[in-house]
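The values are calculated or read from the model by the stated rules, or taken from the named source; none is laboratory data. Since we're looking at a predicted model, the values are computed, not measured. Every residue, glycine as well, gets a Cβ built from its backbone with ideal geometry; the counts of neighbours run over all protein chains shown.
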Amino acid sequence: MSSIANKSLLNRIDGVLFWLYIALAIIGIVAVFSVEYRSTDPSIFMMSKSHMKQSIWLLVSLFVGLIILFTDSKFFSSVAFIAYGVCVVLLLFTIFFGAAMKGSHSWISLGGIKFQPGEIGKIFTSLALARYLSLQDTNFKQSRDRMIGLAIALVPALFIILQNETGLALVYFSFILVMYREGLPNGILLSIFALGFLTISTLLLSHSTMLVLISLISIGVVFLFRFTLKRDATARIILIGSFLFALLFSQVIIPFAFKKVLKNYQIERIYTMLGQDVPPEYQKASEGSDGKKKDTGYNVRQSMIAIGSGGFWGKGYLNGTSTKNSFVPEQNTDFIFCSIGEQFGFIGSLLVIALYISLLLRIIQVAERQRSDFSRIYGYCVASVLFFHFAINLSMTIGLAPVIGITLPFISYGGTSLLSFSILIFILIRLDTERDFMIH
């Protein structure tokens, strides 16, 4: 430990984690450049181009990262709750006074700079959750402490949903994985998967079929666990409650949400993911400016065509047909991965995926070697957020998930997104430099 203590701060930085981050950020700039490049451009250094803006944001992120590296590591845990409170107030402010962009009010405009508090909120929520779960008074085996942990994670999500930014709000549900690592019972995680299965089944099957299916499953559970149910009154209450909730959820809640709450484009995206047409009972008027019905599956189909056309080796850098001709909307943000697939093929796509997996595994490895509970939990918060973005974005581009505006970390164009992900990484790197000295 003495030899480690004698090392300078920069020598204690995890080089693997840092260079994986740099590699993905550079790939992002290269990919964004390929989307906007035109042979008629007078110069590649046009400041109006997205790749130049992204390059500047990377420099800003590195500068902020340098400040973080020279900040006292105890600072992050000490200000966690204050920063989280400011974040919640800012999110609430954005609901009423946020700038409108692409149908949402999730942006704040300061002069010529626009940013999303919801993106920055992932940092403060990670810090606050890590701080709360690492407190000596927190006993995560108690229901009260679990509910507080869930509230810390999901209150920002509620405010972001009210900003009409559903995709970003869903990212905050990834913190449930962190709480599972810290002792959330298997039953809760199983309940979440069961709710997902119930939701998908309700969307694919008729109301009468769901009624029969839920009844049959309940009868099967009664038969299999009949001896336990005879002895245990609590088990009977749980079974009856689950049966009634499943009926209420499938027969009332889901139909109400799809008819009265969700917007048409959200419904169409969900059914596009499921490979189904929207049922007549959920269809609403949805027309574009030309009076024709919008085709919400267009983006996904064009993305899949672009990726598939890349073949094994790809068409070559700057030679992608879909990329050059802007066939895929939002290609430098939500659908940036399809430009990689088209130009670099299966091999290039596999390399990018391998870099992400390596980054996630390294973050988990770094988290597990921490002596501080705060640092370990924070590391898992970073891994969970990155995993959710990575998994959902890739699933979006190949039609396995609805298009909900989830960016690909470090690669999708966006200054706030790149900066927030960079801060997440640099705070973890800073905490890791003190892993042999910090015990909370």
Legend entry - Hits in region 361-387 - residues which are within 20 Å of residue 139 (Cα to Cα) and of a type in the set (A, V, I, L, M): 377
Legend entry - Selection within region 168-199 - within 14 Å of the chain's Cα centre (by Cα) and either basic (Lys, Arg) or buried (at least 19 other Cβ atoms within 10 Å of the Cβ) (or both): 168, 169, 171, 172, 174, 175, 178
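For every residue, the table says whether it meets (1) free of Cβ contacts under 8 Å to residues at least 12 places away in the same chain; (2) in a loop (DSSP other than H, G, I, E, B); (3) more than 15 Å from residue 81 (Cα to Cα); (4) of a type in the set (A, V, I, L, M, F, W, C).
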{"site": "114", "(1), (2), (3), (4)": "no, no, yes, no"}
{"site": "120", "(1), (2), (3), (4)": "no, no, no, yes"}
{"site": "130", "(1), (2), (3), (4)": "no, no, no, yes"}
{"site": "136", "(1), (2), (3), (4)": "yes, yes, yes, no"}
{"site": "149", "(1), (2), (3), (4)": "no, no, no, no"}
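Please verify whether residue 41 is more than 25 Å from the chain's Cα centre (by Cα) and of a type in the set (Asp, Glu), treating the condition exactly as stated.
Judged against the criteria, residue 41 is a match.
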Inset, instruction - Among the numbered conditions (1) hydrophobic (A, V, I, L, M, F, W, C); (2) more than 18 Å from residue 409 (Cα to Cα); (3) modelled with pLDDT of 90 or more, tell me where residue 113 comes up short. - result: (3)
Inset, instruction - Could you figure out which of (1) farther than 30 Å from residue 134 by Cα; (2) buried (at least 24 other Cβ atoms within 10 Å of the Cβ); (3) touching a Ser or Thr at 6+ places or on another chain (Cβ under 7 Å) isn't true of residue 382? - result: (1)
Inset, instruction - Return yes when residue 26 is surrounded by 12 or more Cβ atoms within 10 Å (Cβ to Cβ) and either closer than 22 Å to residue 324 by Cα or touching a strand residue (DSSP E or B) at 6+ places or on another chain (Cβ under 7 Å) (or both) and no when it is not. - result: yes
Legend entry - Residues within region 94-110 that are more than 20 Å from residue 419 (Cβ to Cβ) and either at pLDDT 80 or above or touching a helix residue (DSSP H, G or I) at 6+ places or on another chain (Cβ under 9 Å) (or both), tallied: 5
Legend entry - Cross-chain or 6+ apart pairs with Cβ under 9 Å, region 66-78 first and closer than 16 Å to residue 11 by Cα and assigned to a helix (DSSP H, G or I), then at pLDDT 90 or above and among the charged types (D, E, K, R): 68/430; 69/430
Legend entry - Residues within region 316-346 that are in a helix (DSSP H, G or I) and under 24 Å from residue 36 (Cβ atoms), tallied: 14
Legend entry - Residue within region 229-237 that is surrounded by 14 or more Cβ atoms within 10 Å (Cβ to Cβ), hydroxyl-bearing (Ser, Thr, Tyr) and farther than 26 Å from residue 85 by Cβ present: no
